[in-house]
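For reference, the structure discussed in these notes is given below.
The values are calculated or read from the model by the stated rules, or taken from the named source; none is laboratory data. What you are looking at is a predicted structure, and each value in this text was computed from that prediction instead of being measured. Every residue, glycine as well, gets a Cβ built from its backbone with ideal geometry; the counts of neighbours run over all protein chains shown.
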DNA sequence: GTACTTGCAAAGCTTTTGCGACATC
DNA sequence: GATGTCGCAAAAGCTTTGCAAGTAC
């Protein structure tokens, strides 16, 4: 079983365990999120799900997003200007690269345990999770000039 | 001359240098931002400025915020649920602690140069700046229980 | 005097909410 | 069959925009 299937099943289990209902729309949305590595917006999720469920509404997308966040199974990248982007590909906090020219978002493969550990020692805060975004020009945009 | 006065003058110089106009509202807003360490929202800035300029509007606050961001003299903390908070106290990127219980935001006194340096070496991105938020329970909320 | 800025109101966006109809358990 | 969920429309919040009047230069 591959990683995405694993994540899908894990989330389905949580839905059952919490007494929530397993609707076909939910499964479609979760499947889409788990398989996406491009950090979609709510509207992009909506457009994709609409192909199979023409009657779906954005409200349902947001309700499912909210459910997944409550399970800690979805990361939200918050942008004041163009709304949030979501990362359901991997549920554990990790840094992101954001291109200031083309707005592309990429997962940053950076070891963060030691950073968080050190901060937890220094801080008077008890760190639960983090959000880390690094902004710059991606290699593609740098080559185009 | 203290640090805040220094920052205020630095920003005033930038306004002049860029051919923008030095209005009394702008100075008041910048002064407020430079002296605040509590990461105010646009509305909190507005309420404070209104005391001296009763006719001020939120639009002017946002326009000044936009100007300062274009100068790289204002950090924006983006939250999808309750709008942005601003940090004009120090203009260089630094991490923040955010209490998940009382929503307090504090500057995190953490050395980040080495982290950014390492990422710049590893990454195919050319990092210009970052946003780093650490979420958890602050010491006050922990004691209250 | 020119052109940038202000303040007001309206518009724009994303996200949330209320509610009747429907589907899951 | 009970109740959680869906889909629609309307509402809510924050932020931006258009424009006439005012102000800095």
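Considering each residue of region A:68-79, count those that are away from DNA strand C (no atom under 11 Å from the Cβ) and either surrounded by 14 or more Cβ atoms within 10 Å (Cβ to Cβ) or part of a loop (DSSP other than H, G, I, E, B) (or both), and give that number.
Going through region A:68-79 one residue at a time, the tally reaches 6.
Please work out which residue is farthest from residue B:12 (Cα to Cα), limiting yourself to region B:80-96 and to residues that are within 12 Å of chain A (Cβ to nearest Cβ) and out of contact with any strand residue (DSSP E or B) (no Cβ under 7 Å at 6 or more places or on another chain).
So the residue we want is B:81.
Filter region A:105-121 for residues that are more than 7 Å from chain B (Cβ to nearest Cβ) and under 16 Å from residue B:108 (Cα atoms) and give the result.
A:116, A:117, A:118, A:120, A:121
Conditions first: (1) more than 9 Å from every other protein chain (Cβ to nearest Cβ); (2) assigned to a loop (DSSP other than H, G, I, E, B); (3) within 10 Å of DNA strand D (Cβ to nearest atom). Residue B:102 passes all but one, so which condition is the exception?
If we test residue B:102 against (1) more than 9 Å from every other protein chain (Cβ to nearest Cβ); (2) assigned to a loop (DSSP other than H, G, I, E, B); (3) within 10 Å of DNA strand D (Cβ to nearest atom), just (3) comes out false.
Can you tell me which condition residue B:132 does not meet? The list is (1) loosely packed, with under 15 Cβ neighbours inside 10 Å; (2) facing chain A (nearest Cβ under 9 Å), and all the others hold.
(1)
So is residue A:121 within 30 Å of residue B:140 (Cα to Cα) and part of a strand (DSSP E or B) or not?
No; evaluated as a whole, the condition is false for this residue.
Just one of (1) outside any loop (DSSP other than H, G, I, E, B); (2) within 11 Å of chain A (Cβ to nearest Cβ) trips up residue B:64, so point out which.
Failed condition: (2).
Return a yes/no flag: does region B:48-59 have any residue that is surrounded by 13 or more Cβ atoms within 10 Å (Cβ to Cβ), in the same structural domain as residue B:13 (by TED's automatic domain parsing) and away from DNA strand C (no atom under 11 Å from the Cβ).
yes
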